[in-house]
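This report refers to the structure that appears directly beneath it.
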Amino acid sequence: MASTVVIDTMLQNNGFQMKKKEDTENKDNLWSSILAEVQNSGNNKLPSNKNVIVLGDNESGKTTLIAKLQGVEDPKKGSGLEFAYIDVRDDYRDDQTRLSVWVLDGDPGHANLLRFALSAERFSNTLVILVAAMTTPWAILDQLQAWAELLGDHVDKLNLDNDVWQHCRQQSVKKWQEYTEPGDELDPGSPLRRTSRNLDDESADNLPLTEGVLTTNLGLDIVVVITKTDYMSTLEKEHDFRDEHFDFMQQWIRRFCLQYGAGLFYTSAKEDKNCDLLYKYLTHRIYSLPFRTPALVVEKDAVLIPAGWDNMKKISILHENMQSMKPEDYYRNVIVQPPTNRKCVTRELEVQAEDEQVFLARQQAALSGMKDPTRSPTTRNQASIGPIVQVASPNKKLDPKGTGNTPSGEGVLANFFNSLLYKKTGSSPGPPPGSPGNVGTSPIKVDGVAVDKTTMRNDAAAELDRITRTKKIPPADLNSSSEC
């Protein structure tokens with residue numbers, strides 16, 4: 001009897017423990033299902049680790065383009081490596097995030113800063129925009145090729161895992177192959193369409209790439225943007241550009257895009273052309289958000305070609321309009337840089353001023369050559385200190401001695417001015433200051449000849465009066481220049 005009770009008790013305990021264990025397992029399964037649901041919903045949210053890198057020459061409009069995508073009216077241009085972000089919103093999921101944007105300076109000296117924007121960790125989450133401006137159409141192709149080569153050199157230096165590298169390259173091929181025109185299948189904006197587009201589907205591997213497509217596969221999403229297309233009208237008016245020139249440029253740019261598997265946009269921030277569509281295309285490539293706009297190739301200043309749409313057959317349509325050139329002609333031989341700007345005003349040559357001391361020495365030498373070589377060195381030195389005044393012809397030397405003891409004519413004036421020079425330089429002795437005497441009447445010597453001051457002044461005044469009466473001296477032109 002006692003053994004039966006013990007057995008019943010043991011069975012009850014085991015049953016209780018089994019039920020408790022089952023409840024615990026159910027509870028764990030419930031939490032697991034909740035965690036799985038949260039994880040799945042988290043995977044549907046927009047990621048926050050996506051990046052855009054903008055490369056292009058200076059004055060190509062990189063900062064203005066990004067400001068337009070941000071909705072900023074007054075962009076602030078930085079230097080080196082600029083950082084910004086673009087707000088991205090998904091109306092279907094009611095979610096939003098920020099897209100990081102790196103803008104590299106166009107100076108090749110800043111190329112080493114690219115390592116901060118494009119690292120091995122960020123490689124698979126990065127899209128690159130190559131920018132060139134229509135204001136310099138002759139340099140567009142060279143600029144795109146130069147920046148693409150710089151990007152390729154940087155990718156080669158990254159310590160990328162081989163599996164990651166190959167996966168990114170395969171993704172570039174599949175995205176190109178799986179492009180479909182909007183409307184060909186289900187609505188590309190619906191969540192069903194986006195989730196059904198599985199980039200890991202291997203069915204696309206059987207689709208061959210057409211001629212010239214992805215011959216240089218960097219494993220990165222690339223978009224080529226030609227800015228300032230409003231300048232095309234100026235090229236037509238001032239540089240005689242015609243439609244065939246723009247078609248020639250476009251076919252070369254589209255060939256470049258085929259080589260790197262890139263999309264192409266012609267934009268104008270000034271006239272707001274294709275800027276909104278570029279924003280939608282970027283969010284489509286990065287976050288798989290809807291993009292319903294087909295390729296646009298009719299308007300020459302608003303071209304839009306998504307990656308995967310173009311091929312060499314479509315590009316050859318542009319060849320029909322080329323009459324004075326061939327599609328294979330060298331780019332710069334057709335799109336030639338003008339030698340000078342027609343609006344440029346000829347600048348006046350800068351005149352280098354002569355050194356003051358050199359000028360004065362030259363004038364002193366010229367004045368010394370006009371003097372009488374028979375005069376004493378003392379007289380030459382004294383004459384160089386003060387100016388020599390000539391009343392008569394400048395080519396005629398003054399004779400301070402005149403004729404005899406009563407000088408007349410030019411000799412009178414020469415003696416008068418020479419006496420002033422002697423008095424100014426202190427070469428002629430005179431009574432000490434403040435001493436009594438007949439000041440102004442004492443005789444002085446001019447070149448060894450004694451001349452009374454009063455007589456000299458009277459004679460000088462009479463001579464000047466005579467010259468004034470006989471010949472009126474024209475006033476000096478103060479505005480005339482001494483040099484031509």
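Answer with yes or no whether Lys326 is open to solvent by 60 Å² or more (accessible area, probe 1.4 Å) and in contact (Cβ under 8 Å) with a residue 24 or more places away in the chain.
Judged against the criteria, Lys326 is not a match.
Checking the condition touching a residue at least 60 places away in the same chain (Cβ under 8 Å) and not in a helix (DSSP H, G or I), which residue from Gln352, Gln337 passes?
Gln337
Just a yes or no: is a residue in segment 142-160 aliphatic (A, V, I, L, M) and touching a Pro at 6+ places or on another chain (Cβ under 9 Å)?
Yes: one or more hits.
Just to be sure I understand, how many residues within segment 261-308 are among the polar types (S, T, N, Q) and over 30 Å from Asn321 (Cα atoms)?
The qualifying residues number 2.
Within segment 136-170, take every residue that is polar (S, T, N, Q) and open to solvent by 40 Å² or more (accessible area, probe 1.4 Å) and give me the one that is nearest to Gly61 (Cα to Cα).
Thr136
Output the residues belonging to segment 45-68 that are within 19 Å of Asp95 (Cβ to Cβ), of a type outside the set (S, T, N, Q) and modelled with pLDDT under 95.
Lys45, Leu46, Pro47
Just to be sure, is Leu81 surrounded by 19 or more Cβ atoms within 10 Å (Cβ to Cβ) and touching a strand residue (DSSP E or B) at 6+ places or on another chain (Cβ under 7 Å)?
no
Here are some residues: Leu235, Leu218, Leu209. Which one is closer than 13 Å to Ser172 by Cα and surrounded by 17 or more Cβ atoms within 10 Å (Cβ to Cβ)?
Of Leu235, Leu218, Leu209, the one residue that is closer than 13 Å to Ser172 by Cα and surrounded by 17 or more Cβ atoms within 10 Å (Cβ to Cβ) is Leu218.
Tell me yes or no: at least one residue of segment 99-114 is β-branched (Val, Ile, Thr) and open to solvent by less than 40 Å² (accessible area, probe 1.4 Å).
yes
Out of everything in segment 326-344 that is under 16 Å from Phe241 (Cβ atoms) and at pLDDT 90 or above, what residue ends up being farthest from the chain's Cα centre (by Cα)?
My answer is Asp329.
The values are calculated or read from the model by the stated rules, or taken from the named source; none is laboratory data. Bear in mind the structure is a predicted one, so any value in this text is a computation, not a measurement. As a convention, Cβ positions derive from the backbone with ideal geometry for all residues, glycine included, and neighbour counts pool all protein chains shown. Surface areas here come from the heavy atoms of the whole protein model, side chains and all, with no ligands, DNA or RNA. Shrake-Rupley method; radii C 1.70, N 1.55, O 1.52, S 1.80 Å.
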